[in-house]
Number of protein chains: 2
Amino acid sequence: MIEKKALTSAPINELLASRWSGRAYAADKPVDHKDLQSLLEAARWAPSCFGDEPWRYIVCDRFSNESAWQHACDCLAEGNRSWAVNAPVLILVCANSVFSGNGKPNRWGEYDTGAASMSICLEATSRGLMVHQMGGYDADKAREAFHVPDRYTTMAMMAVGYQLPENELPDDIRDRELSARRRSEHEKLFFAGDWDEAFLFTGD
Amino acid sequence: MIEKKALTSAPINELLASRWSGRAYAADKPVDHKDLQSLLEAARWAPSCFGDEPWRYIVCDRFSNESAWQHACDCLAEGNRSWAVNAPVLILVCANSVFSGNGKPNRWGEYDTGAASMSICLEATSRGLMVHQMGGYDADKAREAFHVPDRYTTMAMMAVGYQLPENELPDDIRDRELSARRRSEHEKLFFAGDWDEAFLFTGD
């Protein structure tokens, strides 16, 4: 995989630093069922409010169920489909809007599902796989195609697969694929003791 | 730290398997500022829709700003406060409900913030620290105490610190602290190709 480690201002764990969302998938390289199991198992052990596990994942593997994969691909926004069409696995992510125990609104359903999805991304990284999540897809179409009940919100479509080696990158995504990753300044995001009081990052 | 690895049905990365939400914090053991930096830096490199980085974290460290920490502690529901009072650091997690660029609703704000918070939990695990997120706190009180603008949703309060060694666990949380972690069956959470079509987990 092309290494594009986070350029961090403070040291972070190797796995977290190595994860990134590429776009150049190897279309002819399937993802082993055992690897998919481990990705889902990683999600399963994420924390959730009252242990409700509000996440649901619908796995569409082109090599074992082409029609489901095609349904997923058809839901993507054109800009995403142009590259995600090469991902051998597409996964629709859903979040339960109510607690499964008592049916009351769960205001942490999407938040907890985001954590579970992050676990999938990291498990993928540790297996040499790449995950790129997309918000750009037709949510109504996805709900209909995959019979998602009303109480679940579809959150994202995930592209999963192996990355192309650097010398096979297509020209139209080459620059974006190799450019450095960027993030906001700390003071916009992290506060100490009160809103807008910057949490100061000190050097080593 | 007391090891309580996930009892997984498929192998997952060591870091993901090791994370868990304990309740027995060592009240007298501060968290170094450098470690807090790394926790926040881990969140910073999480993925987000349009790279908007909707997460905000307000760090309340009892050892450097006792009044902010006390404000945070006062917001907790009683059941949580009983143990979280021993956490030297409490962090209020907020999610931007709109895109910072154009002010339009961001339906991924909470989802992406959940991913960033998961990164904090994992970075903590890799440093021998423990994070326990709580939904049980007074959101209105927290908004007021920390001057959180209306367009941000407060999602959780995080307890951060070092765990007590096993022989110092208080009686009232000892059993819960040592009991095995549990999760739902796979077929409830993971589907193949369509809703409610179980993604089958096969043995090794």
Practice prompt. Six or more apart or on different chains, Cβ under 6 Å: which pairs go from a residue in the stretch A:96-124 that's of a type in the set (Ser, Thr, Tyr) to one that's assigned to a helix (DSSP H, G or I)? Could you list them?
Written response: A:Ser97/A:Gly109; A:Tyr111/B:Glu110; A:Tyr111/B:Gly114; A:Ser119/A:Ala42; A:Ser119/A:Ala43; A:Ser119/B:Leu16
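Return a yes/no flag: does the stretch A:50-60 have any residue that is outside any loop (DSSP other than H, G, I, E, B), among the β-branched types (Val, Ile, Thr) and within 8 Å of chain B (Cβ to nearest Cβ).
Of the stretch A:50-60, the ones outside any loop (DSSP other than H, G, I, E, B) are A:50-51, A:55-60.
Then drop every residue that is not among the β-branched types (Val, Ile, Thr), which leaves A:58-59.
From the residues that got through so far, the ones that are within 8 Å of chain B (Cβ to nearest Cβ) too are A:58-59.
Among the residues of the stretch A:50-60, at least one is outside any loop (DSSP other than H, G, I, E, B), among the β-branched types (Val, Ile, Thr) and within 8 Å of chain B (Cβ to nearest Cβ), which makes the answer yes.
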Discussion item. Cβ contacts < 8 Å: first residue at the interface with another protein chain (Cβ under 8 Å from one of its Cβ atoms), restricted to the stretch B:148-160; second residue among the polar types (S, T, N, Q) and buried (at least 20 other Cβ atoms within 10 Å of the Cβ), any location; separation 6+ or different chain. Result?
Written reply: B:Val148/B:Thr154; B:Met155/B:Thr113; B:Met155/B:Ser117; B:Ala156/B:Ser117; B:Ala156/B:Gln133
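Can you spot a residue in the stretch A:85-99 that is more than 19 Å from A:Val59 (Cβ to Cβ) and more than 12 Å from chain B (Cβ to nearest Cβ)? Before the answer, list the steps.
Restricting attention to the stretch A:85-99, the residues satisfying the condition of being more than 19 Å from A:Val59 (Cβ to Cβ) are A:97-99.
Subsequent filtering for residues that are more than 12 Å from chain B (Cβ to nearest Cβ) retains A:98.
For the stretch A:85-99, residues more than 19 Å from A:Val59 (Cβ to Cβ) and more than 12 Å from chain B (Cβ to nearest Cβ): present.
Could you tell me whether the stretch A:65-72 includes any residue that is surrounded by 22 or more Cβ atoms within 10 Å (Cβ to Cβ), within 11 Å of chain B (Cβ to nearest Cβ) and hydrophobic (A, V, I, L, M, F, W, C)?
Our first condition is that a residue be surrounded by 22 or more Cβ atoms within 10 Å (Cβ to Cβ); within the stretch A:65-72, this holds for A:68, A:72.
Narrowing further to those that are within 11 Å of chain B (Cβ to nearest Cβ): A:68, A:72.
Checking which are hydrophobic (A, V, I, L, M, F, W, C) leaves us with A:68, A:72.
Yes.
Does A:Arg81 count as surrounded by fewer than 19 Cβ atoms within 10 Å (Cβ to Cβ), facing another protein chain (nearest Cβ under 10 Å), basic (Lys, Arg) and without any contact (Cβ under 8 Å) to a residue 60 or more places away in the chain? Spell out the reasoning first.
Working: surrounded by fewer than 19 Cβ atoms within 10 Å (Cβ to Cβ): yes; facing another protein chain (nearest Cβ under 10 Å): no; basic (Lys, Arg): yes; without any contact (Cβ under 8 Å) to a residue 60 or more places away in the chain: yes.
For A:Arg81, the condition - surrounded by fewer than 19 Cβ atoms within 10 Å (Cβ to Cβ), facing another protein chain (nearest Cβ under 10 Å), basic (Lys, Arg) and without any contact (Cβ under 8 Å) to a residue 60 or more places away in the chain - is not met.
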Worksheet, complete the sentence: Conditions (1) surrounded by fewer than 17 Cβ atoms within 10 Å (Cβ to Cβ); (2) touching a Cys at 6+ places or on another chain (Cβ under 8 Å); (3) free of Cβ contacts under 8 Å to residues at least 60 places away in the same chain -> A:Lys188 fails only (2)
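Criterion first (crowded, with 16+ Cβ neighbours inside 10 Å, farther than 30 Å from A:Pro165 by Cβ and either facing another protein chain (nearest Cβ under 8 Å) or within 15 Å of the chain's Cα centre (by Cα) (or both)) does A:Trp20 satisfy it? Write out each step before concluding.
Values: crowded, with 16+ Cβ neighbours inside 10 Å: yes; farther than 30 Å from A:Pro165 by Cβ: no; either facing another protein chain (nearest Cβ under 8 Å) or within 15 Å of the chain's Cα centre (by Cα) (or both): yes.
No.
Considering only the stretch A:130-179, how many residues are buried (at least 18 other Cβ atoms within 10 Å of the Cβ), hydrophobic (A, V, I, L, M, F, W, C) and closer than 22 Å to B:Phe50 by Cβ? Can you show your working first?
Just the residues of the stretch A:130-179 that are buried (at least 18 other Cβ atoms within 10 Å of the Cβ), to begin with: A:130-135, A:137, A:142-143, A:145-146, A:148, A:152-164, A:169, A:177.
Those still in the list that are hydrophobic (A, V, I, L, M, F, W, C) too: A:130-131, A:134, A:142, A:145-146, A:148, A:155-160, A:164, A:169.
Of the ones still in play, those that are also closer than 22 Å to B:Phe50 by Cβ are A:130-131, A:134, A:142, A:155-160.
Final tally of qualifying residues: 10.
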Worksheet entry | Filtered residues of the stretch A:32-49 (kept if assigned to a loop (DSSP other than H, G, I, E, B) and either under 15 Å from B:Ile12 (Cα atoms) or within 7 Å of chain B (Cβ to nearest Cβ) (or both)) | A:Asp32, A:Trp45, A:Ala46, A:Pro47
Worksheet item: Does the stretch B:122-147 hold any residues that are within 21 Å of B:Val85 (Cβ to Cβ) and facing chain A (nearest Cβ under 7 Å), and which are they?
Response: B:Gln133, B:Gly135, B:Phe146
Response to the item:
Scanning the stretch A:33-42 for residues that are in contact (Cβ under 8 Å) with a residue 24 or more places away in the chain and over 15 Å from B:Ala198 (Cβ atoms), the one surrounded by the fewest Cβ atoms within 10 Å (Cβ to Cβ) turns out to be A:Asp35
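Quick note: the coordinates plus some simple rules give every number you see, no bench work behind them. Just so we're clear, the structure is a prediction, and the values are computed from it rather than from any experiment. We place every Cβ from the backbone using ideal geometry, glycine too, and count neighbours over all the protein chains shown.
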